[in-house]
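Just so you know, all these numbers are worked out from the coordinates, no wet-lab data involved. As the structure is a prediction and not an experimental result, all values here were calculated from the model. In this analysis, Cβ positions are derived from the backbone assuming ideal geometry, glycine residues included, and neighbour counts consider all displayed protein chains.
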Amino acid sequence: MFQSLLTIGMSLGGLAVVFQHTDTVGGWQPFELMALVGVYYIMSGFIGTVVQPSMEAFLQDVRGGTLDFTLIKPEDAQLLVSIRRVSIWGMITILLGSIVVTIALARLPTILTLWQMGGFGLALLAATIIVYSFYLILVTCAFWFVKIENILVIFDSLYQAARWPIGIYPPLMRLILTFLVPIAFAVTVPAEALVGRATLWSLAGAVALALGILIVARRFWLFGIRHYSGASA
C-alpha cells in the first residue's frame, strides 16, 4: 500500500512540476492529464492483480514441466493459466487509480456525460483485452524459448511511456506504441473517452484491435500447445 501511494504520489508530483512551466502538454489540460494518470494506474493494477502473476506462474510451469498437470484437466487450459494466480494487493493500485480519476473529473470544468461514461467503459474493456492478449502472445513464446522473462521486462519498461498522452511522442515512437506495442489503446484511448476527447473512430479502432488481437492470441496459444512436448514426453 505504501509503495502504491508513493508511486502515484511521485507521478502526480511530476505533473505538478511540469505544469508549473506550461499550461498544456500535447493539448491536454492539467486535470485531463491527471485523469490519464489515474487510468494508467487502473490498468497497472489490473496487470499486477491478474495478468502478470498468472503469466509468471505459467512461465514457471513451462520451465519446470508442471504445465502437464494443467493440460490434463477437463477445463480449457488457456482459461486455467490466465486466472491461476491472483495478487490481491494489486487491487490497491486499481482503487488508488480510481480515486485519482474521480478527483480529476471533479476538478474538470465539464460535466461527465453518459456518452463519456459509456465510451470509457467500452474503451477500458477493450484495453483489458488488448493487454491480456498481448501478454498471452509473449508468454506463449515460452514453448520455444524457455526463458523469456526479459521480454516481459521490456514490455513493462515500454508501458511506462503510457503515463503520458501518445500524441506527445515523435511519429516513430507513436507508431511503435500504437501498433507494435499497443499501449496507446490501453491507456490513452480510455482516458480520451473519459475526458471527452475521444472520437467514434478511435473507440471503434480500440474495439477492433481488441477483437483482432484476442483471436490472434487464441490461435497462437493453440499453435503453441500443439508444439509443447511436456515433461512426460
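Key figures
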quantity: Kyte-Doolittle mean at least -0.5, axial Cα span of 30 Å or more - DSSP H helices of the chain; calculated: 114-140, 200-226
quantity: Potential extension, Ala106-Glu149 segment - 0.36 nm per residue separation minus Cα distance; calculated: 11.5 nm
quantity: Global geometry of the range 165-225, whether rounded, prolate or oblate, following the gyration tensor of its Cα atoms and the 1.5 cut on a/c; calculated: oblate
quantity: With 10 Å bins from 0: P(r) over the range 54-183, alpha-carbon pairs, percent; calculated: 10, 30, 33, 19, 7, 1
quantity: Under 5 Å, built H, 5+ apart or other chain: amide partners of Trp28; calculated: none
quantity: Shape of the range 2-226, Cα gyration tensor, a/c cut at 1.5; calculated: prolate
quantity: Gyration tensor verdict on the range 1-98 (Cα atoms; rounded if a/c is under 1.5, prolate if a/b is larger than b/c, oblate otherwise); calculated: prolate
quantity: Nearest-20 debye value, the range 97-233 charge dipole, Cβ charges on Lys, Arg, Asp, Glu; calculated: 120 debye
quantity: Charge dipole (debye, nearest 20) of the chain; +1 at Cβ of Lys and Arg, -1 at Cβ of Asp and Glu; calculated: 220 debye
quantity: Charge dipole (the chain, unit charges on Cβ, about Cα centre) - positive-most of Leu36, Ala162, Val51; calculated: Val51
quantity: Sites excluded, chymotrypsin sites (Phe, Trp or Tyr not before Pro) in DSSP loops with at most 10 other C-beta within 10 Å, longest stretch of the chain; calculated: 1-143
